[in-house]
Protein chains: 2
Amino acid sequence: MTPFNIPPIDQNAQALARRRWDNLTKPLGSLGVLEDLGIRVAGMTGSPTPTIRRKVIFTVAADHGVALEGVSAYPQEVTAQMVANFLKGGAAINVLARHAGAEVMVVDAGVAGPSAAMDGLIVSKIRPGTGNFAREPAMDRSEAEQVIESGIRTFQKIHRKEPVDLVGLGDMGIGNTTASAALTALLTGSPVAEVTGRGTGVTDQILLNKIRVIELALSRHRPNPEDPIDCLTKVGGLEIGFLAGIALAAAQARVPVVLDGFITSAAGLLACRLAPALPGYLIASHRSVEPGHGILLRAMRLQPLLDLQMRLGEGTGAALSFFLIEASLKLLSEMATFSEAGVSEKGQ
Amino acid sequence: MTPFNIPPIDQNAQALARRRWDNLTKPLGSLGVLEDLGIRVAGMTGSPTPTIRRKVIFTVAADHGVALEGVSAYPQEVTAQMVANFLKGGAAINVLARHAGAEVMVVDAGVAGPSAAMDGLIVSKIRPGTGNFAREPAMDRSEAEQVIESGIRTFQKIHRKEPVDLVGLGDMGIGNTTASAALTALLTGSPVAEVTGRGTGVTDQILLNKIRVIELALSRHRPNPEDPIDCLTKVGGLEIGFLAGIALAAAQARVPVVLDGFITSAAGLLACRLAPALPGYLIASHRSVEPGHGILLRAMRLQPLLDLQMRLGEGTGAALSFFLIEASLKLLSEMATFSEAGVSEKGQ
């Protein structure tokens, strides 16, 4: 695989942003998390007053062979149906991206069956869904490498055509919380039962089955937790690999990457294991209801901006957080300083 | 004072909104807090799919005689200086309101000295700042009634001219966390030390003095906690009374009212004591760092949408939450249903 040269965070831009916050007409530190966020983005982009023009959310879809084990409340065909819904603009991510002024790029990274013959779909189908990892590895090692490379190349191509200033990651795939829980258990060393949740809303019985399926798969395939490609190969997902690639390519180009919920954060942690400098470029948009999500965020030392008890995916949390990220940067750039506004500074 | 006829929440609109959420192309309940929010706004407005056109944030400024007791880190003249900053568009609230597509209405409800001779200022100065409640009541009872009435009439006039769909409350006033802490202690029966915080960022010593000043004022003036007007009279603030009036008038017109932080929530609880149906029309935008804020929100049974460790006021938290409120309503109105999109519903 291509080596990942992720540039170091720009400490100088961070120091300048920090100094600017302290000169703006507000009590010191009173914008809380928004101040930290502005400083972080300054470090990512290398500008003390970053500006955001083009915002893109990648909603990456793929199917999961493990869905055959009855781990989801929805039938597998919903993945393809939702891809069509994304392309028609009727899904939650379409509404929220419009509201946030962001583009949605819909990717078929391995949906079962033929790709939707619809305008706007990015087709990068290495295989039509993963193998059922209850029985066989999810994919071959070469496929795992290939799907990450596809994510990288897709981002690079889009960014070369017209620079992207903010990237959001989104996912769709019936069964993908099962793959994400398996990866989370592996990459963080957590018990499967602690990182496995109800996904789209399964019953107690299905949840127990889901945990059992993951435990069996891990003991059958014995993925090497020190080898992220091996983890992706054996229990991963095609959208997860593709999203990891997007994150790596965006960070390489100094573009902030906004995680959504559980699936995109599993992709994020996988990518961090491939490039240890990556967390500096990641922003956690929200805390999902999925129990494994908090564990992934802690592993990346990220604090989510929102906690709205959401568990939808698609990039919906990322889209909501775009507004907050832009708010932070606009405050940093547009607020008057004490001297510009003729406001007295703190007395004591 | 005028009686407050706040209409009951529309249960039918709420039921229709709830049913619509369940038919949209997403797992049941997966939009979490945004679903509850949409249902609440449906009940307030009486429409199952409410739309927001005109958004207004009222940033209401006034001075506090108690600032003479050294309870703030900033000198009193900052109130008037910040009013000028609001009118020039350089403050945090201006940046965030522009970002959220909202208007900022700046009100001088009792700033010390002459009002700024600047376009756009709404002057409603019953008196130039409150009395120092360490020594004398903050205002007369008739002034307290008058300032609430001014808030009511100001909202009604603006709403009559061009209907407002979403109201945010904001505040500015050196010393106003001291008045708000006094009101919070009174209206919730909490110990002064538990509801008093560092405001704009005072030292330990000033914080102890602030607590002492409030305790002395409460024992000197003995405001009747069952009589909200008496509380406002003795230890309140002019912006607090005005903001209470705006909240009452907006709810009367079925317009959702978004609280900001500690000061606007003290105004909110004061207004709730005047009109017990008011909480149904209130939305808590964020949880402020001020320790009394959570106590006020619990008294109104409100859950904040955001927790960004902010403590700025001006309406900044309200402006940030406007994006989430609109996101909820756009999702409710614009998402495709399962049948429209041809997506299979939940199997189990």
### Summary
Residue by residue through the stretch A:235-246, the couplings from Karplus 6.51 cos²θ - 1.76 cosθ + 1.60 with θ = phi - 60°, in Hz, x for Gly and Pro, are 9, x, x, 5, 5, 5, x, 4, 5, 4, x, 4
### Query
Using all Cα-Cα distances in the protein assembly as shown, what percent lands in each 20 angstrom bin from 0 up to the longest?
19, 46, 28, 6, 0
### Query
Taking the alpha-carbon centroid of each part, what is the distance from the stretch A:43-99 to the stretch B:84-157 in angstrom?
44
### Query
Going by the alpha-carbon gyration tensor, a ≥ b ≥ c the square roots of its eigenvalues, is the stretch A:281-322 rounded (a/c under 1.5) or, if a/c is not under 1.5, prolate (a/b greater than b/c) versus oblate?
oblate
### Query
Long-range amide H contacts for residue B:57: which residues qualify at under 5 Å (H placed 1.01 Å from N, peptide plane, sequence gap of 5 or more or a different chain)?
B:103, B:104, B:105, B:168
### Message
Looking at chain A as a GNM with Cα springs under 10 Å, which of A:29, A:237, A:170 has the largest mean-square fluctuation?
### Response
A:29
### Query
Which value, in debye to the nearest 20, gives the size of the charge dipole of the stretch B:201-348 about its Cα centre, when Lys and Arg are +1 and Asp and Glu are -1 at the Cβ?
420
### Query
So what's the gap between the Cα centers of the stretch B:262-333 and the stretch A:249-263, to the nearest angstrom?
31
#### Entry: In degrees, nearest ten, helix A:262-274 long axis to first principal axis of chain A (Cα)
80
### Task
Please give the helix B:176-188 orientation as an angle from the longest Cα principal axis of chain B, in degrees from 0 to 90, rounded to the nearest 10.
70
### Message
I'd like the trypsin sites (Lys or Arg not before Pro) in the stretch B:234-314 restricted to DSSP loop residues with at most 11 other Cβ atoms within 10 Å, sorted by number.
### Response
B:301
### Summary
In degrees rounded to 10, the 0-90 angle between helix A:77-88 Cα long axis and the longest Cα principal axis of chain A is 40
#### Entry: Label geometry 7 Å along the beta-carbon vector: residue B:114 inter-copy distances in nm
7.9
### Message
Once the label point is set 7 Å along the Cα-to-beta-carbon vector, what list of distances in nm do you get between residue B:160 and its counterparts in the other copies?
### Response
6.4
### Task
Take the alpha carbon gyration tensor of the stretch B:129-178, find the square roots of its eigenvalues, order them as a ≥ b ≥ c, and report rounded if a/c is under 1.5; if not, report prolate when a/b exceeds b/c, else oblate.
oblate
#### Entry: Top positive-direction residue, dipole computed over the stretch B:1-91 with Cβ charges, set B:64, B:38, B:4
B:38
### Query
What is the mean number of Cβ atoms from other protein chains located within 10 Å of the Cβ atom of each residue in peptide A:20-28, rounded to a whole number?
4
### Query
Kirkwood-based Rg over Rh for the stretch A:220-348 (C-alpha set), two decimals?
1.12
### Summary
Per its Cα gyration tensor (rounded if a/c is under 1.5, else prolate when a/b beats b/c, else oblate), the stretch A:55-324 is best filed as rounded
### Query
Binned at 10 Å from 0, what are the whole-percent values of the Cα-Cα distance distribution for the stretch B:25-127, short to long?
13, 31, 25, 19, 11, 2
### Query
In the stretch B:27-89, with Lys and Arg counted as +1 and Asp and Glu as -1 at Cβ, which of these residues, B:49, B:82, B:28, has the Cα nearest the positive end of the dipole, that is, farthest along it?
B:49
### Task
Give the percent of DSSP beta bridges with both residues in the protein assembly as shown that are antiparallel, rounded to the nearest 5.
5
### Message
Show me the trypsin sites (Lys or Arg not before Pro) within the stretch B:1-69 that DSSP assigns to loop and that have at most 15 other Cβ atoms within 10 Å of their Cβ.
### Response
B:53
### Task
In nm to one decimal, list the spacings between the residue A:135 label point and its equivalents in the other copies, with label points set 7 Å along Cα to Cβ, shortest first.
8.8
### Query
How large is the charge dipole for the stretch B:55-324, taken about the Cα centre, if only the Cβ atoms of Lys, Arg (+1) and Asp, Glu (-1) carry charge, to the nearest 20 debye?
300
### Message
Pairs on different chains or at least eight residues apart, Cα atoms closer than 23 Å: how many lysine pairs in the stretch B:55-324 fit?
### Response
8
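Averaged over all directions, how much area does the convex hull of the C-alpha atoms of the stretch A:62-104 cover when projected, in nm²?
One quarter of the hull surface, i.e. the mean projection, equals 3.5 nm².
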## Note on the structure
Taking the axis of the rotation relating chain B to chain A, the B residue whose Cβ comes closest, together with that distance in whole Å, is B:323, 2
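222 nm [θ] for the protein assembly as shown, helices only, -39500 (n - 2.57) per DSSP H run of 4+, per residue, to 500?
Calculated from helices alone, the mean residue ellipticity at 222 nm is -15500 deg cm²/dmol.
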#### Entry: Contour excess over end-to-end distance, with Cα ends at residue B:208 and residue B:5 and 0.36 nm allotted per residue
68.9 nm
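Any read-out appearing in this document is the output of simple, stated calculations on the displayed coordinates, not a laboratory observation. Keep in mind the model is a prediction, meaning the values are calculated, not measured. A quick note on method: Cβ atoms are made from the backbone with ideal geometry, for glycine too, and the neighbour counts reach across all protein chains shown.
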